[in-house]
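Peer 1: Here it is, the structure in full.
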Amino acid sequence: MVFITQFFQEIISTIVLLFVAIVLRILSAKIVRRYSKTSEILEHRSNLVIRYNNIFISILFFVVLFIIWGVNTKDLFVTISSIITVIGVGLFAQWSILSNITSGIILLFSFPFKIGDIIRIHDKDFPIEAEIEDIRAFHTYLKTKEGEMITYPNTLLLQKGISIIKHHASDDKEFTD
């Protein structure tokens, strides 16, 4: 009982913070799902954005929780900045992975083409004309008219010139089996 009376304000603040974090996660998930339905974005892509958003909200939750319970913010920020620095160095070493994730998120929101579209990638060394089979966080699956499956990094999709030959809504597709 002494614990409750001594830390009453911290307990109430923690309960309010927990409630706010849960509400934020639910609301952000609903907003992303509503946007994905109106934009005809695939469910697994919207789930990926929801997962990233939930991670961000959880990190913020723990930072605020540490502040509420009186953890020395100077020590907390030194620890967090050290962790972020180590992660940043590791991610910089793996910049292609990070750029593919970022490109996947950009493709999710700008969505210049959709699954089923037939595209031409203007690459002087390796030009590709293929149908988009799937768009994932790191790469896009393409299927050529010869039936060859190509895994193409999302970063290159944003860097190369792309022509949309036929939209997926077309009745007659060239590359169907």
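The values are calculated or read from the model by the stated rules, or taken from the named source; none is laboratory data. The shown structure was predicted, so the numbers you read here are calculated from the model rather than taken from an experiment. Heads up, the Cβs are rebuilt from the backbone with ideal geometry, glycines too, and the neighbour counts pull from every protein chain shown. The accessibility values were calculated without ligands, DNA or RNA, using every heavy atom of the protein model including side chains. Shrake-Rupley method; radii C 1.70, N 1.55, O 1.52, S 1.80 Å.
Peer 1: Say whether the condition of being without any contact (Cβ under 8 Å) to a residue 24 or more places away in the chain and not polar (S, T, N, Q) is met by at least one residue in the range 115-125.
Peer 2: For the range 115-125, residues without any contact (Cβ under 8 Å) to a residue 24 or more places away in the chain and not polar (S, T, N, Q): present.
Peer 1: Now, a different point. Among the residues of the range 63-83, count how many are modelled with pLDDT of 80 or more and surrounded by 12 or more Cβ atoms within 10 Å (Cβ to Cβ).
Peer 2: The number of residues fulfilling the criteria is 7.
Peer 1: Given the criteria at pLDDT below 90 and within 16 Å of the chain's Cα centre (by Cα), does Arg25 qualify?
Peer 2: It is false that Arg25 is at pLDDT below 90 and within 16 Å of the chain's Cα centre (by Cα).
Peer 1: While we're on this one: Can you pull out every residue in the range 137-147 that is within 27 Å of Ser36 (Cβ to Cβ) and free of Cβ contacts under 8 Å to residues at least 60 places away in the same chain?
Peer 2: Answer for the range 137-147, where residues must be within 27 Å of Ser36 (Cβ to Cβ) and free of Cβ contacts under 8 Å to residues at least 60 places away in the same chain: Phe138, His139, Thr140, Tyr141, Leu142, Lys143.
Peer 1: Within the range 14-37, track down each residue that is under 18 Å from Leu60 (Cβ atoms) and open to solvent by less than 40 Å² (accessible area, probe 1.4 Å).
Peer 2: Thr14, Leu17, Ala21, Ser28, Ala29, Val32
Peer 1: Scan the range 153-168 residue by residue and report those that are of a type outside the set (A, V, I, L, M) and under 13 Å from His122 (Cβ atoms).
Peer 2: Gln159, Lys160, Gly161, Ser163
Peer 1: Mind checking whether some residue in the range 38-59 is surrounded by 15 or more Cβ atoms within 10 Å (Cβ to Cβ), among the basic types (Lys, Arg) and under 20 Å from the mean Cα position of the chain (by Cα)?
Peer 2: Yes, because at least one residue in the range 38-59 is surrounded by 15 or more Cβ atoms within 10 Å (Cβ to Cβ), among the basic types (Lys, Arg) and under 20 Å from the mean Cα position of the chain (by Cα).
Peer 1: Within the range 37-54, identify whether any single residue is farther than 30 Å from Glu133 by Cα, modelled with pLDDT under 80, out of contact with any strand residue (DSSP E or B) (no Cβ under 7 Å at 6 or more places or on another chain) and in a helix (DSSP H, G or I), and answer yes or no.
Peer 2: Within the range 37-54, none of the residues are farther than 30 Å from Glu133 by Cα, modelled with pLDDT under 80, out of contact with any strand residue (DSSP E or B) (no Cβ under 7 Å at 6 or more places or on another chain) and in a helix (DSSP H, G or I).
Peer 1: I'd like the full set of residues that are part of a strand (DSSP E or B) and in contact (Cβ under 8 Å) with a residue 24 or more places away in the chain, limited to the range 148-162.
Peer 2: Residues satisfying the conditions are Tyr152, Pro153, Gly161, Ile162.
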